[in-house]
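Asker: First, the structure itself, so that you have it in front of you.
Each reported figure results from applying straightforward, stated rules to the coordinates on display, with no laboratory input. Since this is a predicted model, take the numbers as computed values, not measurements. Neighbour counts run over all protein chains shown; Cβ positions are idealised from the backbone, glycine included.
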Amino acid sequence: MRRHRADLLIGLLTLVLLFVGLIVIYAVGPTRVNFMNVTYGSELNENYFFLHQGINVALSIGAFIAAYKFPYEKMRKFSKGVLILGWVLCTGLFILAKAGSGLAKCELGACRWINLGGFGSIQPAEILKLGLVLSLAQLMAERKAAGKINSSDFWIPAGVMSLISLGFVVVLQKDLGTGAVLGAIIIGMMFMSGVELKRFLMVLGGVAVLAVLAVVTSPHRMERVMTFMNGEGSDNYHIENALIAIGTGGLAGVGVGNSVQATGYLPESINDSVFAIMGETFGFIGLSAVVLVFGGLLVRILAVGERGKDDEQKLVAIGVFMWVGAQMAVNVMAMTGLIPLTGITLPLLSYGGTSMMFISLALGIVFQLSCYTTRKGQVVSRYSNRHLEKKRI
């Protein structure tokens, strides 16, 4: 298949989200810095978060371009290596946390980052997501081509990869939000791989059982569920202030630099709660615009998944679609009180580097794959000296 022009909307919408996030950090960063300086006695510059986010955005754009330029046929050779690297880093993080090492960055009882000192931190779960998408796509495509997509040759390795990945994130790192995203990736890719419906429903039921067990065996998660159901509990403060922020914004928002919730009322105002802060700043119109941009991006990713040149590339696009879509949905629903509160970033918009860079890298891969999509059913007109020929390609 000849290479054609990439789907420019994927690149454009990715850039729009990155720069909208940068604008939000510019707007609320100084307020956040002032709160931290007063509360913790730090001496941060008022542009601290904006400058760091600018670096994150630059690195993310670089990751997007690198993924677009590096041929997928060469990239796929490293898929299992990326997954194994994610497992190794997750294991190392767990060991460091148990040893009480300062290299393990822990917040609210959960250790999810490896501290790199002056270079920031890295979240191994993001590497794991990318490795799982690439590895599952390759495995599914190979087994489907061999007619073994419903045999033990597929289910055993796929089950091992999935369960190990979920175990690292949900059990060792106590990160049910990221676990939900991984679960969505696995379910979405399996559904589109062509497995028998009966087997797929069994997997779906198994994932649901594991999710329930993960909640009922954790007092902290049970407390969040009870807070969601009864409106009482330690997390109710977070949910109430998120809703207050969105409600205060009204139709058009309070304007840049006028956020009250970012002064310390709303926890994680530039991270997990950035959607609520955007609601306060830009109002319902601003939030609707952001959701529409996400929707447009997801539609274009899905189009690549539908018209990819082979099963593997289609499944990679579906995996990235589920990754971005599920993470966005979980964050937005948590901030609007539609599901129990869970800590997860809003893709490309929340403050931070690892999540932004790896999602940008994944989108860069899809951008590259969009150069090799088919155009089914399109009618091309050809003129000659004698007649007009219409040929379906």
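Asker: Compute the signed sum of charges (Lys and Arg +1, Asp and Glu -1) over the other residues within less than 15 Å, Cβ to Cβ, of G279.
Answerer: Working: positive: none; negative: E240, E268, D272, E280.
Net of charged neighbours comes to -4.
Asker: Also: When the chain is modelled as a GNM with alpha-carbon springs shorter than 10 Å, which of N150, N241, N331 fluctuates the most?
Answerer: N150
Asker: Let me ask something additional. Separation between the A145 and L12 pseudo-spin-labels, each 7 Å from Cα along Cα→Cβ, expressed in nm?
Answerer: In this crude label model, A145 to L12 measures out at 3.5 nm.
Asker: Also, quick follow-up: State, to one decimal in nm, how far the label point of V216 lies from the label point of N37, with both points 7 Å from Cα in the Cβ direction.
Answerer: Going from the V216 label point to the N37 one covers 5.1 nm.
Asker: Only bridges with both residues in the chain count here: give the DSSP antiparallel percent, nearest 5.
Answerer: Bridges in the chain that DSSP calls antiparallel: roughly 100 percent.
Asker: With axes computed from alpha carbons, what is the tilt in degrees of helix 176-193 against the longest principal axis of the chain, rounded to the nearest 10 within 0 to 90?
Answerer: On a 0 to 90 degree scale, this one is about 10.
Asker: May I pose another question? Taking 27 Å as the cut-off for C-alpha to C-alpha distance, list the pairs among K174/K309; K69/K174; K105/K129; K148/K314; K74/K314; K74/K198 that go past it. Don't skip to the end; give the middle numbers.
Answerer: Values: K174/K309 38 Å; K69/K174 36 Å; K105/K129 20 Å; K148/K314 18 Å; K74/K314 17 Å; K74/K198 35 Å.
Too far apart for the 27 Å limit: K174/K309; K69/K174; K74/K198.
Asker: Another question about this same structure. Run the helix sum for the chain: -39,500 (n - 2.57) per DSSP H stretch of 4+ residues, divided by residue count, reported at 222 nm to the nearest 500 deg cm²/dmol.
Answerer: Working: 13 runs with 255 residues, N = 393.
Mean residue ellipticity at 222 nm (helix-derived): -22500 deg cm²/dmol.
Asker: While we're on this one: Obtain the nm distance between the two label points defined at V299 and V209 by a simple spin-label model: each point lies 7 Å from its Cα along the Cα-to-C-beta direction.
Answerer: Taking the two extended label points, one gets 4.0 nm.
Asker: A further question follows. Mind ordering 284-295, 211-222, 265-276 by average Cβ neighbours within 10 Å, highest first? Don't jump to the answer; show the numbers that get you there.
Answerer: Details: 284-295: 16.1, 211-222: 13.2, 265-276: 23.2.
By packing density, highest mean first, the sequence is 265-276, 284-295, 211-222.
Asker: What angle do you read, to the nearest 10 degrees and between 0 and 90, between the alpha-carbon axis of helix 354-369 and the longest principal axis of the chain?
Answerer: 20
Asker: Working out 0.36 nm times the residue gap between L197 and N47, then minus their Cα-Cα distance, what length gain in nm do you get to one decimal?
Answerer: Details: separation 150, 0.36 × 150 = 54.00 nm, distance 5.29 nm.
Working it through step by step, the gained length comes to 48.7 nm.
Asker: Counting alpha carbon pairs within less than 8 Å and at least 6 residues apart, what relative contact order, in whole percent, applies to the chain? Before the final figure, lay out each step's value.
Answerer: Working: 594 pairs, mean separation 99.6, N = 393.
Relative contact order for the chain comes out at 25 percent.
Asker: Here is a follow-up. What share of all Cα pairs of the stretch 8-373, in percent, falls into each consecutive 10 Å distance bin?
Answerer: All Cα pairs considered, the percentages come to 5, 24, 34, 26, 10, 2, 0.
Asker: How tilted is helix 197-216 with respect to the longest principal axis of the chain? Cα atoms for both, answer in degrees (0 to 90, nearest 10).
Answerer: 10
Asker: Net charge near T14, counting Lys/Arg +1 and Asp/Glu -1 over other residues with Cβ under 13 Å of its Cβ?
Answerer: Values: positive: R300; negative: D7.
So the surrounding residues net to 0.
Asker: Would you be so kind as to identify which of I149, A27, G102 lies farthest towards the positive end of the dipole of the chain, taking Lys and Arg as +1 and Asp and Glu as -1 on Cβ and the Cα centre as origin?
Answerer: After comparing all options, I get I149.
Asker: So which aspartates and glutamates pass the test for K98, namely a Cα distance under 20 Å, with those fewer than 8 places away in the same chain ruled out?
Answerer: The reachable aspartates and glutamates, counting only those whose Cα sits under 20 Å from K98, are E107, D175.
Asker: Follow-up. So, in Å, what gap is there between the alpha-carbon centers of the stretch 248-310 and the stretch 124-189?
Answerer: Cα centroid of the stretch 248-310 versus Cα centroid of the stretch 124-189: 29 Å apart.
Asker: Then there's this: About the Cα centre of the chain, what is the dipole size in debye to 20, counting +1 per Lys and Arg Cβ and -1 per Asp and Glu Cβ, all else neutral? Please report the intermediate quantities before stating the final value.
Answerer: Numbers: 32 positive and 22 negative charges, 469 e Å.
Using Cβ point charges on Lys, Arg, Asp and Glu, the chain gives about 2260 debye.
Asker: Averaged over all directions, how much area does the convex hull of the C-alpha atoms of the stretch 112-210 cover when projected, in nm²?
Answerer: 6.5
Asker: Within a Cβ distance under 12 Å of N34, other residues only, what is the Lys/Arg minus Asp/Glu net charge?
Answerer: Working: positive: R32; negative: E43, E46.
Taking every Cβ under 12 Å from that of N34, the sum is -1.
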